[in-house]
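Accompanying notes for the structure given below.
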Amino acid sequence: MSKDLNVTRLCDAYGALLTPHRLEIIRNYYDDDLSLAEIAENFGITRQAALCSIKQAEKQLFEYEAKLRLVERADRLEFGLLTALEQLDGDVAKAKDTLNGLLSDLRQ
């Protein structure tokens, strides 16, 4: 099973919405890079149960992002701030416009 590293970012944003058990399992898998066998042993469950918990947690995280778009907005904000910083070296008025646009986005 290949790992989608976007799950780690989603887990940072929405992990508190998962059950503590699912959160711990998915963190073990993604953050601690434990295998399904290691997770199963640590939790006293089967490898299949560990895999199911991970898949269910991933599904929940992607559903939260589809509805709330927090990670997407954070990415846009980061890109906009980096752009504004670059613009400060040259066109201050353009940087100001970029920052005002970001502020408008945050208010929505």
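The values are calculated or read from the model by the stated rules, or taken from the named source; none is laboratory data. Everything numeric in this text was worked out from a predicted model, so none of it was measured. For neighbour counting, all protein chains shown are included, and Cβ atoms are generated from backbone atoms with ideal geometry for every residue, glycine included. When the accessible area is computed, the model is the full protein with side chains, heavy atoms only, and any ligands, DNA or RNA have been set aside. Shrake-Rupley method; radii C 1.70, N 1.55, O 1.52, S 1.80 Å.
Side notes on the structure shown:
- Of the residues Leu68, Leu23, Leu85, the one that moves most in a GNM of the chain with alpha-carbon contacts below 10 Å is Leu85.
- Surface composition of the stretch 6-77: carbon and sulfur atoms hold 53% of the protein heavy-atom accessible area at a 1.4 Å probe.
- Assigned charges on the beta-carbon of Lys, Arg, Asp, Glu; the chain dipole about Cα centre (debye): 440 debye
- Net +/- balance of residues flanking Leu34 in space, Cβ distance below 10 Å, scoring K and R +1, D and E -1: -4
- Once the Cα atoms are used to define both axes, helix 47-68 deviates from the longest principal axis of the chain by about 20 degrees.
- Alpha-carbon centroid distance for the pair the stretch 94-108 / the stretch 1-56, whole angstrom: 37 Å
- If a spin label sat at a point 7 angstrom from the Cα of Asp32 along the line to its beta carbon, the backbone N atoms of the stretch 45-67 nearer than 20 Å would be those of 45-58.
- Nearest-ten-degree value, helix 70-88 long axis tilted from longest Cα axis of the chain: 30 degrees
- Counting only the Cα atoms, the chain fills a convex hull of 105 Å³ per residue.
- Using 0.36 nm per residue and subtracting the Cα-Cα separation, the extra length available between Thr83 and His21 on full extension is 18.3 nm.
- Modelled label positions at Val92 and Leu70, each set 7 Å beyond Cα in the direction of Cβ, lie 3.7 nm from each other.
- Reachable lysines, given that their alpha-carbon falls under 26 Å from the alpha-carbon of Lys55 and they are not under 8 places away in the same chain: Lys3, Lys67
- Contact order relative to length of the chain, as percent, for alpha carbon pairs under 8 angstrom and 6 or more apart: 22 percent
- Taking every protein chain into account, the accessible area of the chain amounts to 67 square angstrom per residue (probe 1.4 Å).
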